[in-house]
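Notes follow once the structure below has been shown.
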Amino acid sequence: MWVFWRRATGRSEIVAANGVVASSQPLATQAGLEILSNGGNAVDAAIATAAVLDIVEPFSTGCGGDAFVLIHLPGKKKPLSVNGSGRAGTMTTLDELLEKDWKHMPVRGGPPVTVPGAMHLWGYIIEKYGALELRDVLSPAIKYAREGFPVSPIISEVWSLVIQVLGNEAARKIFSISGRSPEAGEMMFNKDLAKVFETVAAEGISAFYGSAISEAIVKTVQDHGGFLTLDDLAKHKTVETNAISTSYRGVEVYEHPPNGQGFAALAMLNLMESFDFGKYSPLDAERYHTMIEAKKLAYADLYQHNADPDFYDVPLDDLLSKRYAKKRAERIIPEQAMEAPSSGIAIGPDTIYLAAADGDGMAVSFINSLYMGFGSGLVVPGYGIKLQNRGNLFLLDPKHPNCYAPGKLPFHTIIPGALYRDNNLFGVFGIMGGAHQAQAHAQFVSNVIDHQMGPQEALDHPRFNHNQEMNTVALENGIPPGIQNELRSRGHKLVHETMSGFGGGQAIFRLRDAWIAGSDFRKDGQAAGF
């Protein structure tokens, strides 16, 4: 039996029967609860929360980014999986970029901007699975955009770290105050985006992808060297896919399929399952060592094989097979950290996470992102839309599955998660944080399954963050010095990393006739219900 009341930080878990929302910002959580109390379901609440986060946590997310979602419908044995990511522009080819002697995709500006898929997904799941109209769901965000919101201390601090990337006058006009970032308690607005939301609420999502709004998006991107066309936006679609899963000690763990990195979390869990984690304490050097080594092996496969499945046949059956995991696990040596490994299978032919659940048993695992802080750094003049820089993750190696191509989906770091036990929903969860996400998912699941932690304690528990390229490990505050010394003695290269490197998550679990939820202390997170 899971002991859901133990907690490390003193934060209380919320237990409620009629509805719960967990997000990284209290104003957004409260907006989701407002929608639930007004007759909306978990899908409506999730989109209302995401739209408010577009306003109140602007560097992390927005309708100009991408989104993925897992939706549990009452009585179902697995979640629905919906992909709201956008494709690369069609104005250029890989050969043309190589002819320009490009070595990698730029980080900011127009070139890394891909079609923004979030707004389309918002409208798609509201129409298909929601209980309210889009205009009702967007109303809290419109209010905050038009009337303003007070900046919190944590958001003010992060804002100050990313303000220098604002790349055009429209961005600086909305997201700076005379060139500086806002201080805690100052009011900020995005009245231009309020007008966009009002237009979409009145006319539908086609107003975003086939009108003056799309024309302005394309002009902004092209004026800054990017490759999007009006046709790219007009052709965009939200796609329902098949969620992928693995069994971890009897609990089925679901993730979104490629182009997302969710299979790396599943592969990591498969490797961890080869070891008896029951004999480790939650804070045990052997446990951390084994998880770090499993992460290295899983991410070697991730970086070799994650790509748009329309362009590359990702070998998921092999990557997620227990036989393959058992063979790969033989590489994990208790006394010695391995160097960065290669994949065992040859190549074949900044973010927000939120969760919502309602009184009828529907639950939503939702993630929305601009990728890096403020994405491309570009904002569409007159419309207040921040544009993502997800295309930065394309490679320019023609032999790699994730190489750039017009109309191709890029590698995606954002992943929602879900747990099922005995064919019933156990809970939904997610942890934002770029490349950290898949390894954080596996750590969270181990906390829950191996150590019977509730959602709040499982989120609170100190994490590691391994950098695959540098083969370094950051250990979060709370991991005792003795463990750090033991890991160093095994050859792990430890580095100091601030709290921001460990993401932030939310989780909502079933607890008999109610929901129990936690929200990450690393953010402004709040879980609330009624």
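The values are calculated or read from the model by the stated rules, or taken from the named source; none is laboratory data. Because the structure is a prediction, the values reported are computed rather than measured. As a convention, Cβ positions derive from the backbone with ideal geometry for all residues, glycine included, and neighbour counts pool all protein chains shown.
So here's what we get for this one:
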{"read-out": "Positions within region 101-127 being of a type in the set (D, E, K, R) and closer than 22 Å to Thr220 by Cα, in sequence order", "value": "Arg108"}
{"read-out": "Conditions (1) closer than 30 Å to Asp450 by Cα; (2) surrounded by fewer than 23 Cβ atoms within 10 Å (Cβ to Cβ); number of the one not met by Gly382", "value": "(1)"}
{"read-out": "Subset of region 448-459 (residues that are surrounded by fewer than 24 Cβ atoms within 10 Å (Cβ to Cβ) and either of a type in the set (D, E, K, R) or closer than 14 Å to Gly503 by Cβ (or both))", "value": "Asp450, Glu457"}
{"read-out": "Considering residues of region 426-445 that are in a helix (DSSP H, G or I) and aliphatic (A, V, I, L, M) only, the residue surrounded by the most Cβ atoms within 10 Å (Cβ to Cβ)", "value": "Ala438"}
{"read-out": "Scan of region 332-364 for residues that are out of contact with any strand residue (DSSP E or B) (no Cβ under 6 Å at 6 or more places or on another chain), farther than 30 Å from Lys399 by Cα and crowded, with 21+ Cβ neighbours inside 10 Å, ordered by number", "value": "Met362"}
{"read-out": "Failed item, numbered, when Leu27 is tested on (1) in a loop (DSSP other than H, G, I, E, B); (2) farther than 29 Å from Arg421 by Cα; (3) not acidic (Asp, Glu)", "value": "(1)"}
{"read-out": "So Thr199, is it within 21 Å of Ile414 (Cα to Cα) and modelled with pLDDT of 95 or more", "value": "no"}
{"read-out": "Residues of region 213-271 that turn out to be more than 27 Å from Val314 (Cβ to Cβ) and of a type in the set (A, V, I, L, M, F, W, C), as a count", "value": "7"}
{"read-out": "Answer from Leu378, Leu419 - the residue that is under 22 Å from the mean Cα position of the chain (by Cα), farther than 27 Å from Gln506 by Cβ and at pLDDT 95 or above", "value": "Leu378"}
{"read-out": "Close pairs (8 angstrom Cβ cut-off, 6 or more residues apart or separate chains): within 18 Å of Ile125 (Cα to Cα) in region 193-210, at pLDDT below 95 anywhere", "value": "Glu203/Ser211"}
{"read-out": "Number of positions in region 190-206 that are of a type in the set (Gly, Ala, Ser) and either buried (at least 17 other Cβ atoms within 10 Å of the Cβ) or in contact with a Leu (Cβ under 6 Å, 6 or more places away or on another chain) (or both)", "value": "2"}
{"read-out": "Qualifying residue in region 504-527 (condition: charged (D, E, K, R), surrounded by fewer than 18 Cβ atoms within 10 Å (Cβ to Cβ) and over 23 Å from Glu293 (Cα atoms))", "value": "yes"}
{"read-out": "In region 207-228, the residues that are among the small types (Gly, Ala, Ser), modelled with pLDDT of 95 or more and surrounded by fewer than 17 Cβ atoms within 10 Å (Cβ to Cβ)", "value": "Ala212, Gly225"}
{"read-out": "Residue match in region 399-408 (condition: closer than 28 Å to Asp44 by Cα and either of a type in the set (Gly, Ala, Ser) or surrounded by fewer than 20 Cβ atoms within 10 Å (Cβ to Cβ) (or both))", "value": "no"}
{"read-out": "Elements of type helices (runs of 4 or more DSSP H) in region 75-189, at least 1 residues being modelled with pLDDT under 95, crowded, with 23+ Cβ neighbours inside 10 Å and within 23 Å of the chain's Cα centre (by Cα)", "value": "none"}
{"read-out": "Selected residue (only one of Ile516, Ile508 is part of a strand (DSSP E or B), of a type outside the set (Ser, Thr, Tyr), within 19 Å of Thr351 (Cβ to Cβ) and touching a strand residue (DSSP E or B) at 6+ places or on another chain (Cβ under 9 Å))", "value": "Ile508"}
{"read-out": "Gly482 vs. criteria over 30 Å from Leu230 (Cα atoms), surrounded by fewer than 24 Cβ atoms within 10 Å (Cβ to Cβ) and in contact with a helix residue (DSSP H, G or I) (Cβ under 8 Å, 6 or more places away or on another chain)", "value": "yes"}
{"read-out": "Filter result (hydrophobic (A, V, I, L, M, F, W, C) and closer than 14 Å to Pro258 by Cβ) within region 299-318", "value": "Leu302, Ala307, Phe311, Val314, Leu316"}
{"read-out": "Count - residues of region 492-530 that are within 15 Å of the chain's Cα centre (by Cα), polar (S, T, N, Q), farther than 17 Å from Pro416 by Cα and at pLDDT 90 or above", "value": "0"}
{"read-out": "In region 422-436, the residues that are closer than 27 Å to Asn465 by Cβ and modelled with pLDDT of 95 or more", "value": "Phe426, Gly427, Val428, Phe429, Gly430, Ile431"}
